[in-house]
1. Taking a 1.4 Å probe, which of Ile67, Ile20, Ile39 shows the most accessible area, and what order do the others take after it?
2. Tell me what the chain gives for mean residue ellipticity at 222 nm when only DSSP H runs of n ≥ 4 count, each as -39,500 (n - 2.57), the sum divided by the residue total, rounded to 500 deg cm²/dmol.
3. In what order, largest first, do Ser132, Ser152 sit by accessible area if the probe radius is 1.4 Å?
4. Please report, in Å, the Rg and the Dmax of the stretch 56-213, where both are computed over Cα atoms only.
5. Give me the net charge for the shell around Met19: Cβ to Cβ below 14 angstrom, other residues only, Lys and Arg +1, Asp and Glu -1.
6. Rank Lys50, Lys145, Lys193 by mean-square fluctuation in a GNM of the chain with C-alpha springs under 10 angstrom and give only the top-ranked residue.
7. What is the sum of charges around Val115, taking Lys and Arg as +1, Asp and Glu as -1, for the other residues whose C-beta is under 14 Å from the C-beta of Val115?
8. Charges at C-beta only: +1 for Lys and Arg, -1 for Asp and Glu. How large is the resulting dipole of the chain about its Cα centre, in Debye rounded to 20?
Amino acid sequence: MKIIMLGAPGAGKGTQAKMIAEKYSIPHISTGDIFRANIKNGTQLGMEAKKYMDQGLLVPDELTVKILLDRVAQADCAGGYVLDGFPRTIPQAKVLDHALEEIGDKIDFAINVDVPDENIIKRMGGRRACLSCGATYHIEHIPPKKEGICDSCGKELVLRDDDKPETVKNRLDVYHQQTQPLIDFYQAKGILKTVDGTVDMKDVFAAITAILD
Ligand code: ADP
Ligand code: AMP
């Protein structure tokens, strides 16, 4: 099963994608996590991506598409995957479609996690991320067992640079201009499914599994 997660930054795509990956035993692929791992390791790709990420802008398609296509070509993706944060532009979606068509394959579901902008701004200030293992928490809704420490790997949790209020505003503008058109794109293909992302994460997940099962 090949799944795309759509939704504004902070809608809960990553939270749900991890739960989907576990339930259906498929890899969770987050382009944001791939970029953050590259930044942490000081790679050329990481340094280039950081220039855009820190401003709340999208990393150019030329850089993003290649890392995604390389990742989905790996052996663990043969049985499907859940993409989180890709595609974010129509050209990215078309490249992915084309690459899948070439191997006689296609995306099965595009799940749109719908959360209004007002809720997003509140959520992002409370998000805490583990830059070591990629786990995500929320100080009120999904707190770690010990404040400031990752439950999974014990490392320190941080407020991502791009989750600061001034950058969140830019990211939402970029989302509306460049990513939201994907909703119509996948609707036209007949694979779009929208779920209410404002409810408790368990209820969001129940709505998603009802679609996937
Ligand atoms: P995205 O991957 O779409 O950017 P995340 O999954 O990182 O979003 O979620 C953004 C923030 O909102 C995180 O702090 C996360 O813990 C929290 N969150 C996710 N789902 C919910 C939910 N259903 N209700 C409240 N908070 C949520
Ligand atoms: P995320 O972790 O999905 O919130 O992504 C964090 C940041 O990484 C985004 O704000 C972009 O700057 C960059 N990024 C992640 N995925 C993509 C993508 N598919 N296209 C362009 N930029 C991306």
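1. Values: Ile67 35, Ile20 0, Ile39 55 Å².
Per-residue accessible area, sorted high to low, gives Ile39, Ile67, Ile20.
2. Working: 9 runs with 98 residues, N = 213.
That comes out to -14000 deg cm²/dmol.
3. Working: Ser132 55, Ser152 90 Å².
Result, largest first: Ser152, Ser132.
4. Values for the stretch 56-213 (Cα only, Rg and Dmax): 16.9, 48 Å.
5. Numbers: positive: Lys13, Lys18, Lys23, Lys202; negative: Glu22, Asp84, Asp200, Asp203, Asp213.
Once all neighbours under 14 Å are counted, the net charge is -1.
6. Of the options given, Lys145 has the highest mean-square fluctuation.
7. That works out to -1.
8. Details: 27 positive and 31 negative charges, 90 e Å.
Dipole of the chain, to the nearest 20 debye: 440 debye.
The values are calculated or read from the model by the stated rules, or taken from the named source; none is laboratory data. Keep in mind that this is a model prediction, so the values were computed, not measured. For neighbour counting, all protein chains shown are included, and Cβ atoms are generated from backbone atoms with ideal geometry for every residue, glycine included. SASA here: full protein model, heavy atoms, side chains in, ligands and nucleic acids out. Shrake-Rupley method; radii C 1.70, N 1.55, O 1.52, S 1.80 Å.
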